[in-house]
1. Look at region A:2-37 and say how many of its residues are modelled with pLDDT of 80 or more, outside any helix (DSSP H, G or I) and away from every other protein chain (no Cβ under 14 Å).
2. In this structure, does residue B:103 turn out to be assigned by TED's automatic domain parsing to the domain that holds residue B:134, more than 22 Å from the chain's Cα centre (by Cα) and buried (at least 22 other Cβ atoms within 10 Å of the Cβ)?
3. Just give me the residues in region A:200-217 being within 29 Å of the chain's Cα centre (by Cα) and crowded, with 19+ Cβ neighbours inside 10 Å, in sequence order.
4. Could you please give the count of residues in region B:19-48 that are within 13 Å of another protein chain (Cβ to nearest Cβ), of a type outside the set (Asp, Glu), assigned to a loop (DSSP other than H, G, I, E, B) and over 15 Å from residue B:115 (Cβ atoms)?
5. Please indicate, with yes or no, whether at least one residue in region B:117-128 is touching a Leu at 6+ places or on another chain (Cβ under 9 Å), small (Gly, Ala, Ser) and in the same structural domain as residue B:98 (by TED's automatic domain parsing).
6. What pairs come up if the first residue lies in region B:133-155 and is within 23 Å of residue A:364 (Cβ to Cβ), the second is of a type in the set (Ser, Thr, Tyr) and assigned to a helix (DSSP H, G or I), and their beta carbons are under 6 Å apart, counting only those six or more places apart or on different chains?
7. Residue A:448 passes all but one of (1) of a type in the set (D, E, K, R); (2) within 20 Å of residue A:291 (Cβ to Cβ); (3) touching a helix residue (DSSP H, G or I) at 6+ places or on another chain (Cβ under 8 Å); which number fails?
Amino acid sequence: MSALEHCWSHCLSSLEERLGADQFRIWIKPLAAEVNADGLSLIVPNQIFLQFIRDRYLGLIEEAAGMFMGGEAPPIALKVGSAARKPAPTRTATQPAAGEATAPAVAETVAPKPMLVGGAQHETTRLNPHFSFDTLVTGKANQLARAAAQQVAENPGVSYNPMFVYGGVGLGKTHLIQAIGNLVHQRNPTAKIRYIHAEKYVADVVRAYQHKAFDEFKRYYHSLDLLLIDDIQFFVGKDKTQEEFFYAFNALVEAHKQIIITSDRYPKEIDGLQERLTSRFSWGLTVAIEPPELEMRVAILLKKAERENFKLDSTVAFFIAKNIRSNVRELEGALKRVLAYARFTNQPLTLEAAREALRDILAAGNRQISVENIQKTVADFYKIKIADMHSKKRTRDIARPRQIAMALTKEITQMSLPAIGDAFGGRDHTTVLHACRTIEEMRQGDTELAHQYGVLLQMLRS
Amino acid sequence: MVLDLQLPAVPSFEGYVAGDNAEPLFMLGEWVAGADDIRFLYLWGEAGVGKSYLLDATAARLEVAVIAPPAPLPTSLPHDAVLIVDGVDALDPDEQIRLFDHYNTLREGTGRLLATGSKPPMLLGLRDDLTTRLGWGLVYQLRALSDGDKAAALRRRAFGLGFELSDEVADYLLRHAVRDLPSLNALLERVNIEALSQRRAVTVPLVREVLLSERSL
């Protein structure tokens, strides 16, 4: 090791002592030193970082280096480069991150690359080739939907037509239906497939209307072998769009061409959609996707991390999955944040690092959900009065939502059973226990109730 | 009489005091540099923590515009566009759908989105399908500066205005004025004008006079 290399390691210990662990970890640890003929070059991750180091810490670094070299600091230059971006220690050594080998030495604005798709024909489908059955994590929440989707993909236009997938936001509906599209495309590359978000379909109708091009519009949509339309609730209140879709639907189903639809609600619950459409949606198969359970959330995190070439420790995955419960997007966002933190601090991805990385997200998510909030949400959902949560009425349309609210309160809050009983009109704690058991049993056998419970849980936690 | 001919401080990364925001700043740098894995970045925090400042600095660097609702979003976007939206809280229902649509377009393609809001995505009270998407990318809270960092920022601003800010005056400002950095900077600029017009140094008595005269207005 040369004197300058020794000098840098001395600087590191001296700065750690002077700045304290936090500042050192944030600002100094990401730096990488290079010894050259002119002195010492410190490689910083980006331009913004360079400015902070120059303004705040260069003086201290020079002072520490000067002390080591006997009074005069060697010339220290700062430059932006990729050397400082060492892979975090948890990244698997055998698998470099995508693009790492070709990363530019100097950070600069890079021209966006064209989207990678599986050939020109595939591009017209608007499918994302990454959304496949292989990359779809399956659990209790989506196993039925997945099995049905696989059947549809293997026999499009034959088994279930239309296939209607519903569930809350961010639960993987788009992934599932695009997996169908990709499998159909893989098996039959000449099949005419189109994935479209309902909002874009509305825009297509408007454009056809403006350009008086309805014949062309119809010709295109009626000629498809597989139409995948996402978030059909966007059709609400758009009568002309609904009419055009009605014709397209009839033409495709009559010709045994497959239609796959998603929505955030059960078809009959979409207010503002024409009855002739909602009744047609139930001709085929309607399947729900529920919020993922803990084990499935862990599996999703592990699979996502693997795709990013990170080996995620299962304790860290469990920690994230236990704390981020409402939907898959939020879960993936939390994982990104943890990976970013590990990269930024050059720390191994430990449980402690994950806790630190998610501190503000958890603080925001752990805001208290009160029993009043639960009662109001459940009452609104079932269109009953909040007062009915406290009343003595025992009719089923009131008693059932009240039991659901009690079960949710037990699941979400830390309240004791007597306290829950008090909050529901001074009921005994055994009544609360009975309500919780009843709802638990009903969730096993009544899929509609299980779905409603899941939706309420998601509403309260998101 | 002193003509108010001061140039406004141009937002730049150099002019931003990071405080506890080193990690979000680093990631913003990555976003600006076009990192493939940071295409969607959402920054949130209370008023005065520097969200708009950073977005303006970013926009200046990339030579694109910042859209601050209720100013309308573009009606259509190429899939490789760079979109910067300041204050998503103010999006009306139609514009929420438009941002949702743009998000999908950018995500399907190679585009990038930088957005800010006053709260984390899930607490914004906007459409679920939009907030879950905003929470899908990297999300950071920008934290308010400590008093020490604010004093450092004020000293830097004073230097830009051509005078040296004493510790005593910095301390007085932090104890007696509205304490977010934009308000403190604005006050400093008013004090500077007063100092120039009265040909006095920037001292605690002068700052007190300016504050008193503003309160009596």
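1. 6
2. Against the criterion (assigned by TED's automatic domain parsing to the domain that holds residue B:134, more than 22 Å from the chain's Cα centre (by Cα) and buried (at least 22 other Cβ atoms within 10 Å of the Cβ)), residue B:103 qualifies.
3. A:201, A:202
4. Selection size over region B:19-48: 5.
5. yes
6. Pairs that qualify, where the first residue is within 23 Å of residue A:364 (Cβ to Cβ) and the partner is of a type in the set (Ser, Thr, Tyr) and assigned to a helix (DSSP H, G or I), are B:133/B:103.
7. Here residue A:448 clears every test but (3).
A quick yes/no check of all residues on (1) modelled with pLDDT under 95; (2) over 20 Å from residue A:230 (Cα atoms); (3) within 14 Å of chain B (Cβ to nearest Cβ):
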{"site": "A:97", "(1), (2), (3)": "yes, yes, yes"}
{"site": "A:108", "(1), (2), (3)": "yes, yes, yes"}
{"site": "A:112", "(1), (2), (3)": "yes, yes, yes"}
{"site": "A:119", "(1), (2), (3)": "yes, yes, no"}
{"site": "A:169", "(1), (2), (3)": "yes, no, yes"}
{"site": "A:185", "(1), (2), (3)": "no, no, no"}
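The values are calculated or read from the model by the stated rules, or taken from the named source; none is laboratory data. In this text, all values refer to a predicted model and were calculated from it rather than measured experimentally. No Cβ is skipped: glycine too gets one built from the backbone with ideal geometry, and neighbour counts run over all protein chains shown.
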